[in-house]
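Here the structure is laid out as structure tokens; the discussion comes afterwards.
Nothing in this text is a laboratory measurement; each read-out follows from the coordinates by a stated rule. Given the structure is predicted, the values throughout are model-derived calculations rather than measurements. In this analysis, Cβ positions are derived from the backbone assuming ideal geometry, glycine residues included, and neighbour counts consider all displayed protein chains.
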Amino acid sequence: MSWDHPHPFTLPVVPRAEDIDGLNHTNNAVYVQWCERAGWAHSEALGLALADYRRLDRAMVIRRAEYDYLRPAALGDELVLGTWLVAGDGRLTLRREFQLVRAHDGAALMRGRWDLVCVELASGRPRRMPQEFLSAYMAARVEAPPA
């Protein structure tokens, strides 16, 4: 597969009957749900789960989400969703990118991007990332190619 960045965290996904919409392809909202699953799975693999967010009273929340739907996915297609942390200021923000690829031909079906900001759960206000976030997330960043 030709990934946008090296060494993605990957999540295999296969559209089920309930994922298929009236146009006979995977509904775009399902891609968004898969991105959420991949983002949490990657965070957990890096050592930060929802329980850690609650304990630290901090969370990385989506400030902006953008998805480019390039090709449809059909019922039963074997897909791989890759994700990376590609940017962050080391204080408040991170950017997570996604790429959904069809396994049998490597075709990119979707690309996505989340701009994330660290907030204090108790108040909902932006706050600096705690050291545990910095240690896990900033160390996992990959270099994004110039725009």
* **Simple spin-label estimate for Asp57 and Met1 in nanometres, 7 Å along Cα-Cβ** => 4.0 nm
* Local electrostatic count, Arg141, Cβ distance below 13 Å [Lys/Arg +1, Asp/Glu -1] -> -1
* To do: Considering the options Gly124, Ala140, Met1, tell which one lies farthest towards the positive end of the dipole of the chain, charges being +1 on Lys and Arg and -1 on Asp and Glu at the Cβ, about the Cα centre.
  => Gly124
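Considering only the other residues whose Cβ falls under 11 Å of the Cβ of Glu120, what net charge follows from Lys and Arg at +1 and Asp and Glu at -1?
Working: positive: Arg58, Arg125, Arg127, Arg128; negative: Asp57.
For residues surrounding Glu120, the net value is +3.
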* Select from Leu23, Ala49, Gly112 the residue farthest towards the positive end of the dipole of region 1-139; place +1 on Cβ of Lys and Arg, -1 on Cβ of Asp and Glu, and compute about the Cα centre. => Ala49
* Return the single residue from His104, His42, His25 with maximal mean-square fluctuation; model: Gaussian network over the chain, springs between Cα atoms under 10 Å. => His104
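Subtracting the Cα-Cα distance from 0.36 nm times the residue separation, let me have the gained length for Tyr67 to Glu18 in nm, one decimal. Each step should come with its number before you reach the end.
On the way: separation 49, 0.36 × 49 = 17.64 nm, distance 2.11 nm.
Result: 15.5 nm gained on full extension.
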* Structure fact -> Simple spin-label estimate for Ala45/Asp105, 7 Å along Cα→Cβ, in nm, reads 2.6 nm
* Structure fact -> Surrounding charge for Asp77, neighbours by C-beta under 12 angstrom, Lys/Arg +1, Asp/Glu -1, total 0
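With charges only on Cβ, +1 for K and R and -1 for D and E, what is the dipole size of region 75-147 about its Cα centre, in debye, rounded to 20? Don't jump to the answer; show the numbers that get you there.
Details: 10 positive and 9 negative charges, 75 e Å.
The dipole of region 75-147 has a size of about 360 debye.
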* In region 51-147, which trypsin sites (Lys or Arg not before Pro) fall in coil by DSSP and have 12 or fewer other Cβ atoms within 10 Å? -> Arg91
* Structure fact -> If every Lys and Arg gets +1 and every Asp and Glu gets -1 at its Cβ, then about the Cα centre the chain yields a dipole, in debye to the nearest 20, of 600 debye
